[in-house]
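Worksheet: one structure, shown below.
FYI, it's all coordinate maths here, none of it is from the lab. As the structure is a prediction and not an experimental result, all values here were calculated from the model. Virtual Cβ from ideal backbone geometry, glycine too; neighbours counted across all protein chains shown.
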Amino acid sequence: MHEQMHPRRRPGWLPFLRSPAVRFAVVFGVDAMVTAASLWVAMRLRFEGASVAPYAALFPRYLVTLTVARLVTNYLLQLHRWSFSVPGLQDAVRVVAAAVIGSGLFVVAVVLQGRWPPPRSVIALELLLTAALMLVARFGPRLALVYWHRFRRSRSGPQRTLIVGAGAAGEMLFRDLARSGAHTHDVIGFIDDDETKWSSLISGKRVFGGLTALRETVIAQRIGHVFIAIPRESHEVVRDVVECCAGLRIQIKALPVSFVYFQDRGAADMLRDLAPDDLLSRRRVTFATHERESFAGRRVMVTGAAGSIGSEICRQLLDLGASQIVAVDINENGLYLLEQRTRQDGRGDRFVPQVADIRDRRRIEALVARFRPQDVFHAAAHKHVPLMEASPCEAIKNNITGTRHLLEAVERAGVECLVFISTDKAVAPTSIMGATKRVGEVMTRAVAGRSSLRGCAVRFGNVLGSDGSVVPLFRQQIEHGGPVTITHPDVTRYFMTIPEAVGLVLKAAYGRYGDLCVLNMGEPIRIADLARQMIAMAGLVPETDIPIVVTGLRPGEKLHEELVTTDERVTVEAGGAIRVIEGPPPPADLWTLVDRLERAAADEDAPRTLDALQALVPTYQGPIPSSAPVR
């Protein structure tokens, strides 16, 4: 699906009507001929073909008066500005109303001229004939084109299609498909859970039943494509459709219904393939007026700005009116691309990219002193668990030493707020990455406790579609024909979308809830189920078209992630989306232990580094051995 909006093209089957002046002249000419023909037929029918005085003598005057009345009425009701590509019910009502008003105006004009009006039967017959012929003249070309497209599809191998959702969006999608010749989809009917529609025809097509009848209908009707035209918040319906169609080798697409009524595109142009986001029952994060006011005009620094989370933080803060975003990242190319996107959006004057390594203390101190941010969002980190298991010293240098440099710099500069982006892997960590994130949480709280800095660590799980996450990996594996690899058949993870995660991070940051917040991630999802659903969404059969291979847990991975440790407790539930956590205070010898850890990492002494990390994070027990064989 194309993200850029395209203007709807004029139909190529009436090229001479592209000029407004020509089109108006043709429409008025057709209306005049329809009026003359209707009056003549009405008079002939009323008098059985005979010439009856005085009506025969008055016929020319009747014709001129009626034609003028009709053309004036049609002009006032804008019938000359007719869209032959998308006529609808309201347009038909306008035609009928113009016909009635025109007849009334004709009678009044004849009476005012002091002449005999035609018989009432002639007026009624002429009204019916004119209304019918004007409707045919306006709707006929579109209807003919619809049947022409249908004929062409029948000869070119139509793709039998079913629409889930027989409401306004589904009916709109059907009409858009029917009048478009740019596809071969032949809509067979609808599926809808509203039982009152089961005995009805929607645009002449049958409603076969509810979702329980979907699989049976797909098989019986030899359906190859299913289009979902329901509100995008109905994620349960999307999951049900995917599960019902699993193994049937059909293509499933979704219609973003919330945009249908506001964008200048047809519904068919907005169909897109299902994404894993559609399977999550996540809510869109919105900001109240007072929340927006708290963001507006702020100077903000974002580290890791080129990453999935960091770039979304930049985007949302710009949307919320931040006066300046200092985007810091060592990834030069990613930062450049982010700057280009921001400039294309017309917000480049508020976006300041800075290439920097958070491990470089002097560089970080110089940036903070130069730009004087009021708020800092720290998203820069090494995050890949297996890579950090192989390079523990690098994980310490970046995730702990780099974080310490930033904390000390913002503390000296008097920054108001720092938000540390953490992870559920920091809870009872079994990986180097999780343990370093745990230390980052503790250091953030410790610096906030000794200074005026308002520090907040925000902990959440996996985000769908982030760089290096499981969803892009599965998608790539499916596109290459498989296999799809999972580490364990029972492994589960918490998931949320990137916009939702960042939206809640911003709420936690400016809501002043506390120094440690955990986002509500909902229920954990089995990775094996996610893999099967993604294969099914691609129109393929799991284990038949695309094999699923278990590779075994990687070093540092757990079967199930947690969000709260045993020594932490939830103190506040903010709107059901953010939980405020009260944990044990930072250890008294925190900075001594951090110094020891940093020295070991600087010496590239991995065993000593791991011992120092375990002393700092007693719950860190090292990686869990793999329990599933690699195949």
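Numbers for the structure displayed
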| read-out | value |
| --- | --- |
| Karplus 3J(HN,Hα) series, Hz, for segment 346-351 with 6.51 cos²θ - 1.76 cosθ + 1.60 (x for Gly, Pro) | x, 10, x, 5, 9, 10 |
| Compactness of segment 373-444, expressed as Rg and Dmax over alpha-carbon positions, Å | 12.3, 37 |
| In order through segment 214-222: 3J(HN,Hα) via Karplus (6.51 cos²θ - 1.76 cosθ + 1.60), integer Hz, x for Gly, Pro | 5, 4, 4, 5, 4, 6, 5, 8, 6 |
| DSSP-defined antiparallel bridges as percent of all bridges, the chain, nearest 5 | 20 |
| Longest DSSP-loop-exposure-free segment, chymotrypsin sites (Phe, Trp or Tyr not before Pro), the chain, at most 11 other Cβ within 10 Å | 263-631 |
| Range of Cα positions in segment 376-513 per principal axis (Å), largest first | 55, 33, 23 |
| Among 131, 113, 71 the positive-end extreme of the charge dipole of segment 15-148 (Cβ point charges) | 71 |
| In nm, spacing of pseudo-spin labels at residue 621 and residue 291 (7 Å Cα→C-beta vector) | 3.8 |
| The chain - mean residue ellipticity at 222 nm from DSSP helices (-39,500 (n - 2.57) per run, n ≥ 4, rounded to 500) | -14500 deg cm²/dmol |
| DSSP beta bridges in segment 289-616 [antiparallel fraction, %, rounded to 5] | 20 |
| FRET E, pair residue 374, residue 211, Förster distance 56 Å, beta-carbon r, rounded to 0.05 | 0.65 |
| Cα convex hull volume per residue for segment 289-616 (Å³) | 142 |
| Amide hydrogen neighbours beyond the local backbone of residue 577, cut-off 5 Å, H modeled | none |
| Electrostatic dipole magnitude of segment 289-616 [Cβ: Lys, Arg +1; Asp, Glu -1; Cα centre; debye, to 20] | 820 |
| Simple label model, 7 Å out from Cα along Cβ direction - residue 63 to residue 33, nm | 1.5 |
| Distance in nm between pseudo-label sites at residue 567 and residue 336 (7 Å out along the Cβ direction from Cα) | 4.7 |
| Gain on full stretching of the segment that runs from residue 545 to residue 249 - 0.36 nm per residue minus C-alpha separation | 105.6 nm |
| Residues listed by number, segment 314-329, amide nitrogen under 13 Å from residue 362 label point at 7 Å toward C-beta | none |
| Loop-resident sites, segment 198-253, for GluC sites (Glu not before Pro), counting at most 14 other Cβ within 10 Å (DSSP) | 233 |
| Shape of segment 515-567, Cα gyration tensor, a/c cut at 1.5 | oblate |
| Gained length - residue 588 relative to residue 146, 0.36 nm times residue gap less alpha-carbon distance | 151.4 nm |
| Cα gyration tensor of segment 411-467 - equivalent ellipsoid semi-axes, whole Å, descending | 24, 14, 8 |
| Rule-of-thumb Rg ratio for the chain [Cα; 2.2 N^0.38 Å; N residues] | 1.34 |
| Label zone at residue 560 (point 7 Å along Cα-to-Cβ), backbone N below 16 Å, segment 490-515 | 490-495 |
| Charge-dipole axis of the chain as Lys and Arg at +1 and Asp and Glu at -1 on Cβ define it, positive-most pick from 426, 289, 393 | 289 |
| Cα-centred dipole magnitude for the chain, charges only on beta-carbon of K, R (+1) and D, E (-1), debye, nearest 20 | 3160 |
| Tail fraction, Cα-Cα pairs, segment 201-253, threshold 13 Å, whole percent | 62 |
| Which of 151, 449, 184, positive extreme of dipole for the chain (C-beta unit charges) | 151 |
| Nearest-0.05 FRET efficiency for residue 76 and residue 50, computed from C-beta distance (R0 45 Å) | 0.80 |
| Centre separation in Å (Cα based) which lies between segment 521-578 and segment 311-342 | 29 |
| Convex hull per residue volume in Å³, alpha carbons only, for segment 15-148 | 113 |
| Cα centroid of segment 356-397 to Cα centroid of segment 107-156, whole Å | 74 |
| Other-chain or far-sequence residues with amide H under 5 Å of residue 461's (modelled H) | 424 |
| Length gained when the stretch residue 347-residue 116 is fully extended (0.36 nm per residue, less Cα-Cα span) | 76.0 nm |
| Rh by Kirkwood over Cα pairs, then Stokes-Einstein D for segment 486-631 at 0.692 mPa s and 37 °C, µm²/s | 175 |
| Two-site FRET efficiency, residue 355 against residue 184, from Cβ-Cβ distance with R₀ of 51 Å, rounded to 0.05 | 0.55 |
